[in-house]
Amino acid sequence: MTQETTGDLDGLVRARIRALRLAQGWSLDELAVRARLSPSTLSRIETGRRRLALDQLVTLARALDTSLDQLVETAADDVISSPVSYAAHQRMQWRVRADPGLTVVRQRLTDPPPVGPAGMRAHPGREWLVVLAGTAVLLLGDRRLRVETNQAAEFPTMLPHALGAEGGPCDVLGIFDRDARRGHADRAAP
């Protein structure tokens with residue numbers, strides 16, 4: 001890391017500490033008490049008149065209800081991401097940068113869910129889905145749930161499950177944790 005990059009990160013962290021403090025509506029004194037620092041030390045940290053120490057950053061991150069990673073994360077140049085498209089499965093997939101274990105998939109469902117337990121899957125993990133347009137049918141264990149436009153569902157994937165459309169095409173945005181993504185990987189691979 002160059003000295004210039006270090007200086008940029010230093011300024012970014014200081015600005016982030018101040019912005020998080022102000023977003024909470026806290027004075028220097030209030031955050032200083034929470035972080036077990038003196039108000040003058042905190043002021044010097046925010047203004048750059050005191051060197052940032054790792055132990056203080058850890059304490060400040062906790063007091064600001066964030067993580068050290070988020071406190072020192074550099075600004076990303078790649079704010080916009082493009083999906084990977086899988087035409088054969090009529091789906092698009094985005095990676096979520098906030099949590100490397102999450103995957104977001106947009107999928108157009110055209111077929112009803114499978115009939116019988118043979119088409120249902122169970123695997124470790126957790127899934128969330130939001131119906132963007134149309135009506136989806138979620139088979140979850142022995143339950144058949146209709147999920148309409150703008151409704152969401154969240155479920156553990158250890159329950160046997162399947163998803164399909166009802167009454168025409170349905171656009172769904174699914175969010176899979178790392179385990180759920182692995183459980184669907186063999187079926188969803190292009």
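The values are calculated or read from the model by the stated rules, or taken from the named source; none is laboratory data. The shown structure was predicted, so the numbers you read here are calculated from the model rather than taken from an experiment.
Counting just the residues of region 125-149 that are part of a loop (DSSP other than H, G, I, E, B) and over 18 Å from T110 (Cα atoms), which one comes out farthest from the chain's Cα centre (by Cα)?
This residue is D142.
Give region 22-41 a look and list any residue that's part of a helix (DSSP H, G or I) and modelled with pLDDT of 90 or more, or say none.
Across region 22-41, the qualifying residues are L28, D29, E30, L31, A32, V33, R34, A35, P39, S40, T41.
Taking T74 as the residue in question, decide whether it is assigned to a loop (DSSP other than H, G, I, E, B), under 14 Å from R14 (Cα atoms), at pLDDT below 90 and hydroxyl-bearing (S, T, Y).
Taking the combined requirement at face value, the residue satisfies it.
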